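Have a look at the structure below before the remarks.
All of the numbers you see were taken from the coordinates with simple rules; none came from a lab. Just so you know, these numbers come straight off a predicted model, no measurement behind them. Reconstructed Cβ throughout: ideal geometry from the backbone, glycine too, with neighbour counts over all protein chains shown.
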Amino acid sequence: MDPTRVLGMPSAKAMSNADNPSYASLRARLERDWIPGLLVTTALPRDDLPLLWDADFLYGDTSDSYVLCEINASSVLPFPPHAPRALARATRERLAPRP
């Protein structure tokens, strides 16, 4: 297997755990601004969001800023090793009866 290829494509792919401190401000912006904006724009309830998704970013105006490029929910592969346990927990919570 060629280590310079990801899923057969000749490009680097960075993947980090959700709690990676290097991306804390980016994650905060995603959770504070972009996801709520998506929910308002699409009139989608938060519980209807996919449980497994990822986001891609482009560099913004400065070297330490980013712009949301896309949110992927249909082909999220590969994913970090901790994802299956978190996905199972989230699925269980979403399927649990509500009071």
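Some values worked out for this structure:
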{"item": "Point-charge dipole on Cβ atoms (K/R +1, D/E -1) for the range 46-95, about Cα centre, debye to 20", "result": "460"}
{"item": "Amide H within-cut-off set for residue 72, under 5 Å, with H built and near neighbours excluded", "result": "54, 55, 56"}
{"item": "Cα gyration tensor category, rounded, prolate or oblate, for the range 21-95 with a/c compared to 1.5", "result": "oblate"}
